[in-house]
Amino acid sequence: MPREIFSEEEFLQIAERAMVCRVKRLKDGTVKLKLRTPRYLYTLKTDERKAEELLKQVKCPVEEV
């Protein structure tokens, strides 16, 4: 069951228990960061600059989609 989150702090907390973080870059400059946990798929929409800052702090494996 997918869930959208809107807080960067919440994203980093979920990333600690996530199995993988997938990055999808859209043409309009928006980046979707998707965290796969055993129960849910969490999605955070952000811009390119903030996404790069968050990806530096994520400890789970990162995949480009």
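Read the figures in this text as sums done on the coordinates, not as results from a lab. Everything numeric here is computed off the predicted structure, so don't read it as measured data. Here Cβ is always computed from backbone atoms with ideal geometry, including for glycine, and neighbour counts include all displayed protein chains.
Quick rundown of the values:
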| quantity | calculated |
| --- | --- |
| Cβ-based net charge around E53, under 14 Å, with every Lys or Arg adding one and every Asp or Glu removing one | -2 |
| Cα-derived Rg over Rh, computed across the chain with Rh taken as Kirkwood radius | 0.92 |
| Inter-site label distance for C60 and V20 at 7 Å from Cα along Cβ, in nm | 1.1 |
| ³J(HN,Hα) computed for each position of the range 3-14 - Karplus, 6.51 cos²θ - 1.76 cosθ + 1.60, integer Hz, glycine/proline x | 9, 9, 10, 10, 10, 5, 5, 5, 4, 5, 5, 5 |
| 3J(HN,Hα) from dihedral phi, the range 38-52, Karplus parametrisation 6.51/-1.76/1.60, rounded to Hz, x for glycine, proline | x, 9, 10, 10, 9, 10, 10, 9, 8, 8, 4, 5, 5, 5, 5 |
| Of all DSSP beta bridges in the chain, antiparallel share, percent nearest 5 | 70 |
| Cα-based Lys proximity count in the chain, under 13 Å, for pairs eight or more positions apart or on separate chains | 6 |
| Net +/- balance of residues flanking M1 in space, Cβ distance below 15 Å, scoring K and R +1, D and E -1 | +3 |
